[in-house]
Amino acid sequence: EEYVDAYIHNDLGTARLMYKRFMRDKAKASSCKQCGKCEERCPQKIPIKRWMPEIHRVLGEGLPFSKA
């Protein structure tokens with residue numbers, strides 16, 4: 001949610017603050033084990049395993065959005 005908000009509103013600062021301050025460590029993208037269980041349950045068929053490394057890179061490590 002924070003990643004999408006940051007992208008839509010062009011506000012990485014707020015998204016990073018919210019991610020680091022309010023999200024529990026085990027709920028962060030860096031905790032993803034790439035098992036795919038969440039993708040099986042996702043009604044929107046989002047490729048979650050593909051997005052978790054990007055979300056961690058942008059919100060957790062402070063890097064810019066990927067261009068791809």
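Ignoring ligands, DNA and RNA, what accessible area per residue does the stretch 1-41 give at 1.4 Å, in Å²?
83
How would you classify the chain from its alpha-carbon gyration tensor, with a ≥ b ≥ c the square roots of the eigenvalues: rounded for a/c under 1.5, else prolate if a/b is greater than b/c, otherwise oblate? Intermediate values should be presented prior to the final figure.
Values: a/c = 1.79, a/b = 1.44, b/c = 1.25.
Prolate, since a/c reaches 1.5 and a/b exceeds b/c.
Find, among the GluC sites (Glu not before Pro) in the stretch 1-47, those assigned to loop by DSSP (not H, G, I, E, B) with at most 15 other beta-carbon atoms within 10 angstrom. Please report the intermediate quantities before stating the final value.
Values: sites: E1, E2, E39, E40; in loops: E1.
Answer by residue number: E1.
Rounded to a whole number, what % of the accessible area of the chain do carbon and sulfur atoms account for, probe 1.4 Å?
Values: 2900 of 5330 Å².
The nonpolar share, carbon plus sulfur, comes to 54 percent.
Using a cut-off of 10 Å between beta-carbons, work out the net charge of the residues near S31 (Lys and Arg +1, Asp and Glu -1, S31 not included).
Details: positive: R24, K26, K28, K33; negative: D25.
Charge balance near S31 sits at +3.
For the chain, lysine pairs separated by 8 or more sequence positions, or belonging to different chains, with Cα-Cα distances below 21 Å total 13.
Each Lys and Arg adds +1 at its Cβ and each Asp and Glu adds -1 at its Cβ; summed about the Cα centre, the chain shows a dipole of about 280 debye. Of the trypsin sites (Lys or Arg not before Pro) found in the chain, those that fall in a DSSP loop while having at most 11 other beta-carbon atoms within 10 Å are R24, K33, K45, K67. When the charge dipole of the chain is built from unit charges on Cβ atoms (+1 for Lys and Arg, -1 for Asp and Glu) and taken about the Cα centre, the candidate among P64, S31, P53 whose Cα reaches farthest toward its positive end is S31.
The values are calculated or read from the model by the stated rules, or taken from the named source; none is laboratory data. The structure displayed is predicted, hence computed values, not measured ones. We place every Cβ from the backbone using ideal geometry, glycine too, and count neighbours over all the protein chains shown. Heads up: the accessible areas ignore ligands, DNA and RNA and are worked out on the full protein's heavy atoms, side chains in. Shrake-Rupley method; radii C 1.70, N 1.55, O 1.52, S 1.80 Å.
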